[in-house]
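The values are calculated or read from the model by the stated rules, or taken from the named source; none is laboratory data. Predicted model, so just to flag it, every value in this text is computed and none were measured. When we count neighbours, we look across all protein chains shown, and the Cβ atoms used for this are built from the backbone with ideal geometry, even at glycine. For the accessible areas, the whole protein counts, side chains as well, though only heavy atoms, and no ligand, DNA or RNA atoms are used. Shrake-Rupley method; radii C 1.70, N 1.55, O 1.52, S 1.80 Å.
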Amino acid sequence: MKLFQQLLVAPAALGLLATGANAAELNINGVSDYAASADQVTSVTQFSDVYPTDWAYQALAGLVETYGCVAGYPNGTFRGNRAMTRFEAAALLNACLDRVTEVTDELRRLMAEFETELAILKGRVDGLEARVGELEATQFSTTTKLKGYSAWVLGALDGIDGKEATTLNYDLRLKLATSFTGKDQLTTVLRSGNFDDSIFGTGLTFVETAMGSKNSVKVGRLFYTFPVGDSLSVTAGPIVRTDDASMYAGYATYYPSDLLLDFFTYGGAPTTNNLGFTGSGIGAVYTLGDSGFKVSGNYVAKNGADSSAGIGTDESASTSSWQLFYEGEAFDGNLLAQVGYSFDQNVGLAIGNSSTADREGFSVAAAWKPADAGIVPSISTGYSSADEEGVTDDIDSWYVGLEWSDVFIEGNSFGGAIGSAPAYEDGVDNTMWEVFYSFAVSDNITVTPAIFGIDEDGKDDVFGGIMKTTFKF
């Protein structure tokens, strides 16, 4: 018996002797017979008196077949229904210790063989622990993550009231995402920009990243999202918009990956994806199991942000949007689809005039992209129509956008779109188009040159170009 085994068995033997038991009572030969059979048992089926119906069958099978740590009697029996004597327990312990010793020797051999690799891993772990300790000591917050985004737009255009201009503007966004439970999120967005008087900050030439704050920092969003059960999430806050991700079930568009003209950004449906309404609001998104469908509804009071007219009053502007959204796989790619409805109260007040007209609209949109990048582009399209008081004709809009991924270089993309933006005057049509190529300089920097044109009834054609550089951090 090995030294380690002797040390473990010795207390049991001493205990037997301390009771005054004699050699006849110990039956040393019986112990020897019991232990000798251990090497012969490799399967529980070798025991003639053990059956699958026995309550401990699985446990015994695991000990025999996995660990080889069960001994029986020379006649092939286990005698599981009788009490175990102390010498039988000692023999069983001896059989198990043989297995423990084998495993220990194997581990020592492996440790010696991979001594160099283990030392390297230990050094890396020690280094990681030091870095984690440093991060914990200097981290911004234990509950808050900070994400930054800045876009610089250098561009020129002509055709607006006969003017020509070249400008360089910026838009800066700092998003603070705070979670208190791991499932909720308090969203705070700080924004600053100088697009106030820029030709790219007004009208149809408005680009997506066109913040006008006269270089001062403003709170662009402030809302809280929390789950109600497994399928419902609720969002509420003093500064929120209907198109925020937690307020809306989703956008059925894959175009564009790097946002350009605002009209194309939101699926060509500005009459139902109402971007002019930012204020106090509440919304909810319900996920319909694993079907791929989501339903959302929300309400935002434009003047509720500064409490100048209150929420839900006749003097305030508001919007209520509802949507059915689907996402799934189809035609060897990914498919998005949506149907939307909105009701806007006092739409004129939302854009700064005295109109108190109401507007009702609907939209449909769909988008598809292939599973792998290639010669087939993603295809996005949408249509919306609205009926507004005081406007005889329906306010219609549509668009089609294409985008190719990994063009020439992985991470770069090329695309373009064409559509008709809504005009809030009877009989007026606005045709818009754009073409872009996006360079992924790094994971955090993208440069996107683009050209665009606008053909507005009764006015000069507009043609322009921009060079947009985005930084993400």
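Here T319 passes the criteria (1) more than 19 Å from A252 (Cα to Cα); (2) β-branched (V, I, T); (3) at pLDDT 90 or above except the one numbered (3).
Residue pairs whose Cβ atoms lie under 9 Å apart, separated by 6 or more positions or on different chains, with the first residue in segment 378-391 and farther than 19 Å from N346 by Cα and modelled with pLDDT of 85 or more and the second of a type in the set (A, V, I, L, M) and not in a strand (DSSP E or B), are S380/A252; T381/A252; G382/A252; G382/A269; Y383/A269; S384/A269. Name the single residue that is surrounded by the most Cβ atoms within 10 Å (Cβ to Cβ) among those in segment 27-46 being closer than 18 Å to F87 by Cβ and either among the polar types (S, T, N, Q) or at pLDDT 80 or above (or both). Ranking the qualifying residues of segment 27-46, first place goes to S37. Residues in segment 42-82 that are outside any loop (DSSP other than H, G, I, E, B), farther than 14 Å from L92 by Cα and among the β-branched types (V, I, T): V44, T45, T66.
Checking the condition crowded, with 20+ Cβ neighbours inside 10 Å and of a type in the set (A, V, I, L, M), which residue from A245, A236, A249 passes?
None of the others qualify; the one that does is A249.
Inspect all residues belonging to segment 400-409 and state whether any of them is open to solvent by less than 10 Å² (accessible area, probe 1.4 Å), touching a Gly at 6+ places or on another chain (Cβ under 7 Å) and within 30 Å of A357 (Cβ to Cβ). No - not one qualifying residue is present in segment 400-409. Residue-level analysis places P238 among those that are touching a residue at least 12 places away in the same chain (Cβ under 8 Å) and over 20 Å from I418 (Cα atoms). Figure legend. Inter-residue proximity from segment 147-159: first residues closer than 10 Å to T470 by Cβ, second residues open to solvent by 40 Å² or more (accessible area, probe 1.4 Å), beta-carbon distance below 6 Å, spacing 6+ or different chains. Indicated pairs: Y149/R173; Y149/K472; S150/L172; S150/F471; W152/Y170. Summed over segment 130-155, the residues that are at pLDDT 85 or above and open to solvent by 70 Å² or more (accessible area, probe 1.4 Å) give a count of 5. Taking segment 224-233 as the range and being surrounded by fewer than 16 Cβ atoms within 10 Å (Cβ to Cβ) and either of a type in the set (S, T, Y) or part of a strand (DSSP E or B) (or both) as the test, the residues that pass are P227, V228, S231, L232.
Of all the residues in segment 223-250, those that are among the hydrophobic types (A, V, I, L, M, F, W, C) and modelled with pLDDT under 95 number 5.
The residue that is modelled with the lowest pLDDT, counting only those in segment 415-460 that are of a type in the set (S, T, Y) and surrounded by fewer than 21 Cβ atoms within 10 Å (Cβ to Cβ), is Y424.
Please verify whether segment 70-88 includes one or more residues that are acidic (D, E), open to solvent by less than 70 Å² (accessible area, probe 1.4 Å) and in contact (Cβ under 8 Å) with a residue 12 or more places away in the chain.
Yes, because at least one residue in segment 70-88 is acidic (D, E), open to solvent by less than 70 Å² (accessible area, probe 1.4 Å) and in contact (Cβ under 8 Å) with a residue 12 or more places away in the chain.
Please work out which residue is farthest from the chain's Cα centre (by Cα), limiting yourself to segment 47-65 and to residues that are open to solvent by 90 Å² or more (accessible area, probe 1.4 Å) and of a type in the set (S, T, N, Q). It comes out as T53. Taken over segment 363-382, the residue count meeting the criterion of being part of a strand (DSSP E or B) and not aromatic (F, W, Y) is 12.
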